[in-house]
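What follows is a set of notes on a single structure, which appears directly below.
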Amino acid sequence: QVQLVESGGGLVQPGGSLRLSCAASGSIVFMNAMGWYRQAQGKQRELVATISNGGTTTYADSVKGRFSISRDNAKNTVYLQMNGLNAEDTAVYYCNAKATRSGSFRLSDYWGQGTQVTVSS
């Protein structure tokens, strides 16, 4: 089983910064794209940023210029640096990874437990 564990969430003032981390562990054979999603109260889960295994990144328009996604393949870890936070960034942030585990050739989706980011109004 592939497990993802997020960390780094918390309470921050508007304009502040946070860095989220997501470490993957388990019987990983091939790690493909990783990304961050978020879900605010009463809203659908939405894509925040993705990064391919080769380092190509994509961002939601709402976070371009403020957030930066990166990964450390040696550590199977993905990061999300969040700057210039505002109240609309308040949400539970989820780490996502597409990976192949030992004994399988299927690329499957894995999700972390989520970490709360709260930006005070």
remark   = Within region 50-81, the residues that are of a type in the set (A, V, I, L, M, F, W, C) and either surrounded by 12 or more Cβ atoms within 10 Å (Cβ to Cβ) or under 17 Å from residue 9 (Cβ atoms) (or both) are 51, 60, 63, 67, 69, 78, 80
ask   = Is there a residue in region 82-91 that is modelled with pLDDT under 95 and either surrounded by fewer than 19 Cβ atoms within 10 Å (Cβ to Cβ) or closer than 23 Å to residue 3 by Cβ (or both)?
value = no
Number of the condition not met by residue 63 [criteria: (1) closer than 18 Å to residue 5 by Cβ; (2) touching a helix residue (DSSP H, G or I) at 6+ places or on another chain (Cβ under 9 Å)] = (1)
request  = Please find, within region 28-49, the residue that is modelled with the lowest pLDDT out of those that are of a type in the set (A, V, I, L, M) and either surrounded by 14 or more Cβ atoms within 10 Å (Cβ to Cβ) or closer than 17 Å to residue 118 by Cα (or both).
outcome  = 28
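The values are calculated or read from the model by the stated rules, or taken from the named source; none is laboratory data. From a predicted model like this one, the values you see are computed outputs, not experimental measurements. Glycine also receives a Cβ, built like all others from the backbone with ideal geometry; neighbour counts cover every protein chain displayed.
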